[in-house]
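The values are calculated or read from the model by the stated rules, or taken from the named source; none is laboratory data. Remember, it's a predicted structure, so these values are computed and weren't measured experimentally. So basically every Cβ, Gly included, is an ideal-geometry build from the backbone, and we count neighbours across all protein chains shown.
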Amino acid sequence: MPKSLRVVAAVATPLAVLAGLAAIRQSASADPLQPQPRAAVAGSRVADLAAAPRTGAVPAGQRTAVSISLAPRDGAALDGFIAQVSDPRSAQHGRYLSPAQFADRFGATAEQIDQLTGYLRGQGLTVDSVNPNGLLVNASGPASAVEQAFATNLSTRREAGTGREYYANDSAPTLPTALATVVTGVAGLDNRPRVNHPPVRPRADVPGMSPAQLKGAYNVNGLGVRGDGQQVALLEFDGFEQSNIDAYDRQFGLSSPAPIVRKVDGGVPKLGEGQVEVELDIEAIRAIAPNARQVVFEGPNTSQGLIDTYAAIVNSGIPVVSISWGLPEPQLAPSDVTTLHNLYKQAAAQGQSLFAASGDNGSDDEKNGGLAVDYPASDPFVTGTGGTHLTVNPDNTRAGETGWSGAGGGNSALFTVPDYQAGKGKGQRMVPDIAADADPASGLTVFSQGKFGVVGGTSAAAPEWAGFVLLYNQIAASKGKPALGFANPALYAKASSGLHDIVGGSNGAFQAVPGYDQVTGLGSYDAVKLVAALLS
């Protein structure tokens, strides 16, 4: 069973939850004129406020929205369930939960939610929604009410180096002790951008991989399917222009359905520097699985936007998810990690396959001369996707593949080694799990911002793998088999005969060697052989 080390912020255990409920009942009967004991919600604060001097106070009447995270009910049972449904050797394999079933079985209790929403309303906030998974409550109101509810001040800030302006809470939020026992995070107390994508700069000086070359190299054509009837979710914090997608389709003779956009928390205000990233993701999936339906979830790049967008994807139940946005582990807000980790567990219980780019800075994800890996690729319930340099023959068959120097990889500082990686490391979760073409020198031909260019990065590799799983799920469904679901246990247990073991190349501290390595993981896929291995 995959195990996490210390997801930085503590998650309430079942005993703690019961104790918290008892304390809530007791506090409800306490003298309302007496101040109630409070406790901090750990990790719900921007870590480096010293780098952004305070410039003023957030106006008392400014509308402010927050998302409050709750711990899953019976976390040990949830871990056990995931282990069974994700294990190809288990009789329970593939018996995934629907989002509604997850909420009924593992969401917070109705009593916990009622106590939290009652408290928020009592502080002058409006409860906007209770998330369908039973793990998130969204509320809003004037900044003064938010400050009162969480006993903190909201201040405007300006970063000394960049001049970027944002607001943030001056101190850790607190709640009545009983509530703080079951709440794992408060998002929305700041609007600082949370995640980034690798720098995406289209090149014009190298030839790019066409869909035909990519499918030829990875033996996709031999499957004889195109993703019909399948859906994939894309996590995005910027937008795209449909005209660019249409131009890509015309160039390569595709008749793919137009992506569906689902805006979360209002979506993105305008196209920014992430536009190329979004269009890369869309076009890379079209190259592999052109007939699949793509659903692009667009949310604001804030702590609340990040969490709410992931929650929308997970609650949608869409079976395949491509993720190109992340952050070095040391730069994460601990409460964000706790909340996201629980959402990834929900996805695993529901049979969703999550593929995340492992980063483009090699073994030094922070670019500070040290060692660090990227999150969420490092989460044990996500499939971290590394990068290679791919070469193809004139007939589009695979000529060779080596590890790319920029491929993110290494050892997680947050998570212990999961069972599926047992015996491969020194007690830490290792990244990546698998890889695909990512070197900008052998990158994908992409149409973006009105022109063609060549784009690489592990944010190209993640949608390449997502595209393959769409094809696998189509074939599996035709044979009465379940969707792949959380991919890592099956990949490590069964897929050696369906993967290209990549030898050669380095990402700084690590080398691509025979077997598993922290540059290319288990390797890239041979679609025909990997489908056969996974269905066996």
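Of all the numbered requirements in (1) outside any loop (DSSP other than H, G, I, E, B); (2) within 27 Å of the chain's Cα centre (by Cα), residue 192 misses one, and that requirement is (1).
Among the residues of segment 508-536, those that are modelled with pLDDT of 95 or more, small (Gly, Ala, Ser) and under 17 Å from residue 479 (Cβ atoms) comprise 527, 532, 533. Quick check on residue 353: is it over 29 Å from residue 283 (Cβ atoms) and of a type in the set (S, T, N, Q)? The answer is no for residue 353.
Looking only at segment 239-266, filter to residues that are among the charged types (D, E, K, R) and over 18 Å from residue 451 (Cβ atoms); which one of those is surrounded by the most Cβ atoms within 10 Å (Cβ to Cβ)?
265
Residue pairs whose Cβ atoms lie under 7 Å apart, separated by 6 or more positions or on different chains, with the first residue in segment 229-242 and over 25 Å from residue 471 (Cα atoms) and touching a residue at least 24 places away in the same chain (Cβ under 8 Å) and the second among the aliphatic types (A, V, I, L, M) and part of a helix (DSSP H, G or I), are 238/278; 239/278. Scanning segment 464-503 for residues that are hydroxyl-bearing (Ser, Thr, Tyr) and within 16 Å of residue 321 (Cβ to Cβ) yields a single hit, 472.
Note on segment 77-103: among residues that are assigned to a helix (DSSP H, G or I) and free of Cβ contacts under 8 Å to residues at least 24 places away in the same chain, the one that is farthest from residue 495 (Cα to Cα) is 101. Based on this model, can you work out whether residue 475 counts as in contact (Cβ under 8 Å) with a residue 12 or more places away in the chain and either closer than 16 Å to residue 378 by Cβ or outside the structural domain of residue 222 (by TED's automatic domain parsing) (or both)? No: the conditions fail for residue 475. Step by step: first the residues of segment 267-315, then only those that are assigned to a strand (DSSP E or B) and β-branched (Val, Ile, Thr), then the one that is surrounded by the fewest Cβ atoms within 10 Å (Cβ to Cβ). Which residue is that? So, considering only residues that are assigned to a strand (DSSP E or B) and β-branched (Val, Ile, Thr), the one surrounded by the fewest Cβ atoms within 10 Å (Cβ to Cβ) is 295.
Among residues of segment 404-428 being under 20 Å from residue 379 (Cα atoms) and aromatic (Phe, Trp, Tyr), the one that is surrounded by the fewest Cβ atoms within 10 Å (Cβ to Cβ) is 420. Remark: residue 20 matches the filter, which requires a residue to be modelled with pLDDT under 50, of a type in the set (Gly, Ala, Ser) and at negative phi.
Taken over segment 492-526, residues that are in contact with a Gly (Cβ under 7 Å, 6 or more places away or on another chain) and either without any contact (Cβ under 8 Å) to a residue 40 or more places away in the chain or over 18 Å from residue 372 (Cβ atoms) (or both) amount to 10.
One line per residue, one yes/no per condition, for (1) surrounded by fewer than 24 Cβ atoms within 10 Å (Cβ to Cβ); (2) part of a strand (DSSP E or B):
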| residue | (1), (2) |
| --- | --- |
| 380 | no, no |
| 387 | no, yes |
| 391 | yes, yes |
| 396 | yes, no |
| 399 | yes, yes |
| 402 | yes, yes |
| 430 | no, yes |
| 435 | no, yes |
| 441 | yes, no |
